[in-house]
1. Across the stretch 56-80, what is the total count of residues that are part of a helix (DSSP H, G or I) and under 15 Å from residue 108 (Cβ atoms)?
2. Which numbered condition trips up residue 83, out of (1) at pLDDT 60 or above; (2) more than 22 Å from the chain's Cα centre (by Cα)?
Amino acid sequence: SSPVNVPPTRREARRHGDVQIAAAVEQVDIVDDFEEDAEVQKSMYTEDVGAWLRSLDGGSLVQYEAALDSMYDCVSQIKTLYRHRIADFFCDTGVEDPDHRLAFATAIKRLG
């Protein structure tokens, strides 16, 4: 028996009249798109406080890593607690430098 030739794209599968192959190819495309979207989101947003700090303002905020790691479990917690109360974040964490305050305020607002 000769090997089965599976068309590589949905269009080619439809052209060959094989609806099952077309549906399977479409499912693979959807999974691939989902995985790519997840990777993009992951690279844009991390739950790890240290990684988040290193990604901000050229890494100038890493000096706060030990304090923030001891105070917060994840970036989502910071977002939930302070997105509408930035001044409280500065008070609770002891951030006094105006440049650092601006960087944190911008970053927390970007979290959503």
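The values are calculated or read from the model by the stated rules, or taken from the named source; none is laboratory data. Keep in mind it's a predicted model, so treat the numbers as computed, not measured. Glycine also receives a Cβ, built like all others from the backbone with ideal geometry; neighbour counts cover every protein chain displayed.
1. The initial filter retains those residues of the stretch 56-80 that are part of a helix (DSSP H, G or I), namely 57-59, 62-71, 75-80.
From what is left, the residues that are under 15 Å from residue 108 (Cβ atoms) are 57, 64, 68, 71, 75-80.
Count: 10.
2. Just one mismatch for residue 83, condition (2).
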